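Below: the structure, in structure tokens.
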Amino acid sequence: MFKFLDKHLEEIFMVFLLSLMSILIGAQVFMRYVMNDSLTWSEELARYAFIWATYIGVASGVKRNAHICVEAAVTKLPALYQRYAAIVAHILFIAFAILVMKEGYALTQKILSFGQKSSALGIPMGWIYLAPTVGFGLVIVRLIQRIVFEIQTIRRSHGEVKS
């Protein structure tokens, strides 16, 4: 079960959220142009699903090592030093993710303490503002996994050199 979640957690959430968003937008288009009426809540829920999908997508990009990075200088290094540079980059990214989580959590707490609710759905806005905290928490988990992978690769390459 854990292996399945490790492999597919972000994808499950993103498929659900993007499907929900597509259905809601399709329903809104149908209601406006066919029924000459509109749903008051569908655009808001679709927007919130998009926000959450975006932050979960960041973690998915990290897991697949598909995030944007500058490789011009790193690719000129020997393979072993490229691995070390990747570890340093991941550690710096973790520091950034911790900062985003810390500030996101502080903002979420502030919004929840105000009791602010969304206009159409009436859900606490703190749940929407929690998306960066959750998304970047997943990013940290995935970055730690990438660091472990890099260290294992370095150890394997050292084992091959000694043999």
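The values are calculated or read from the model by the stated rules, or taken from the named source; none is laboratory data. Note that this is a predicted model, so its numbers are computed, not measured. Please note: Cβ atoms are built from the backbone with ideal geometry, for glycine as well, and neighbour counts cover all protein chains shown.
Structure above, values below:
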| quantity | calculated |
| --- | --- |
| Leading residue by the ranking (nearest to MET14 (Cα to Cα)) among those in region 58-70 that are surrounded by 13 or more Cβ atoms within 10 Å (Cβ to Cβ) and of a type in the set (Gly, Ala, Ser) | SER60 |
| The listed residue being surrounded by 14 or more Cβ atoms within 10 Å (Cβ to Cβ) and at pLDDT below 95, out of ALA85, ALA73 | ALA85 |
| Residue match in region 143-151 (condition: within 12 Å of the chain's Cα centre (by Cα), modelled with pLDDT of 95 or more, over 26 Å from ARG47 (Cβ atoms) and aliphatic (A, V, I, L, M)) | yes |
| Residue check for TYR48: surrounded by 11 or more Cβ atoms within 10 Å (Cβ to Cβ), aromatic (Phe, Trp, Tyr) and more than 21 Å from the chain's Cα centre (by Cα) | no |
| Subset of region 48-104 [in a helix (DSSP H, G or I) and among the polar types (S, T, N, Q)] | THR54, SER60, THR75, GLN82 |
| Cβ-Cβ under 7 Å pairs, at least 6 apart or on other chains, region 88-99 side closer than 13 Å to VAL62 by Cβ, far side surrounded by 14 or more Cβ atoms within 10 Å (Cβ to Cβ) and among the β-branched types (Val, Ile, Thr) | HIS90/ILE147; ILE94/ILE140; ALA97/VAL139; ALA97/ILE140 |
| Selection status of MET35, free of Cβ contacts under 8 Å to residues at least 12 places away in the same chain, farther than 21 Å from ARG146 by Cα and either in contact with a Phe, Trp or Tyr (Cβ under 8 Å, 6 or more places away or on another chain) or surrounded by fewer than 13 Cβ atoms within 10 Å (Cβ to Cβ) (or both) | yes |
| Scan of region 110-140 for residues that are more than 21 Å from TRP41 (Cβ to Cβ), surrounded by fewer than 14 Cβ atoms within 10 Å (Cβ to Cβ) and among the polar types (S, T, N, Q), ordered by number | SER113 |
| Members of region 6-47 found to be in a helix (DSSP H, G or I) and of a type in the set (Ser, Thr, Tyr), listed by number | SER19, SER22, TYR33, SER42 |
| Cβ pairs under 9 Å, 6+ apart, first in region 107-124 and touching a residue at least 24 places away in the same chain (Cβ under 8 Å) and within 15 Å of TYR48 (Cα to Cα), second surrounded by 15 or more Cβ atoms within 10 Å (Cβ to Cβ) and among the polar types (S, T, N, Q) | THR108/THR133; ALA120/SER42 |
